[in-house]
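Quick notes on the structure that follows.
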Amino acid sequence: MYLSKITLPTASLTPQRLIEMMARGEYVMHQWLWELFPGEAQRNYLYRRETLQKEFCFYVLSATAPQTEHELFGVQVRPFAPGVEEGETLRFTLRANPVITRNGKRHDVLMNAKREWRSANSDISLWECQQQAALAWLATQGEQSGFRLGQATVAAYQQQQIVKSRGEVIQFSCVDFTGVLQVTQPTLFLTRLAQGFGKCRAFGCGLMLIKPERRE
């Protein structure tokens, strides 16, 4: 695998590209990044986008190395082959689209929590209820993915909307998690890390960034 830091200065965008980006959102970013993998018939990467003052910054985890020369992007790439051990503690950040399946249909975890909160007339706030639901979803992901969730928080939550090439509109929740996890099954964990977590992985969700927890 390869982990890349890819920058896109906004000043380098033509008026046409700016209009396209404003109209179609994250779908455009997804298509532009794909240009760094010529000859790839299917997407083989996960990414996370950060917006800085004068540029976009993308962290990209890919099965093959992206090309480093492109008219839009500055690309820094390095091999990514983390060695993790059973019981090792890691700090992580994750942007994910959490969903659950009920009666054969997908449901947004946070919107489902909102419906349940309304019907239950709960004493806790809506946001607290949604955070609990999001963290419960992540804990379940860990059980299926070779890690145990430790202390974690929901750092941000927003609704995203993208417009695909044929005009199809897709709406989804985007949740930022941060915290600590403990690896329980290293091989499974690394496999799932490469695959990504949750849905909408083509549109900036699913990439977990990890680093060893510092000991004082």
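The values are calculated or read from the model by the stated rules, or taken from the named source; none is laboratory data. Predicted, not measured: the structure shown is a model, and the values here were computed from it. Every residue, glycine as well, gets a Cβ built from its backbone with ideal geometry; the counts of neighbours run over all protein chains shown. Areas reflect the complete protein model, heavy atoms only, side chains present, ligands, DNA and RNA absent. Shrake-Rupley method; radii C 1.70, N 1.55, O 1.52, S 1.80 Å.
Of the residues in region 125-183, how many are charged (D, E, K, R), open to solvent by 40 Å² or more (accessible area, probe 1.4 Å) and touching a residue at least 60 places away in the same chain (Cβ under 8 Å)?
1
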Answer residue from region 44-54, given it is in a loop (DSSP other than H, G, I, E, B) and modelled with pLDDT under 85 and is surrounded by the fewest Cβ atoms within 10 Å (Cβ to Cβ) among those
Gln53
Considering only region 93-151, state which residues are under 19 Å from the mean Cα position of the chain (by Cα) and among the β-branched types (Val, Ile, Thr).
Thr93, Val99, Ile100, Val109, Thr140
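Okay, residues lined up against (1) closer than 27 Å to Arg148 by Cα; (2) open to solvent by less than 70 Å² (accessible area, probe 1.4 Å); (3) β-branched (Val, Ile, Thr):
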position	(1), (2), (3)
Glu26	no, yes, no
Val60	yes, yes, yes
Pro82	yes, yes, no
Glu85	yes, no, no
Arg102	yes, no, no
Lys114	yes, yes, no
Given the conditions (1) without any contact (Cβ under 8 Å) to a residue 24 or more places away in the chain; (2) surrounded by 13 or more Cβ atoms within 10 Å (Cβ to Cβ), report the number of the one that Phe92 does not fulfil.
(1)
From the options Glu50, Glu69, Glu85, residue that is touching a residue at least 60 places away in the same chain (Cβ under 8 Å) and not β-branched (Val, Ile, Thr)
Glu85
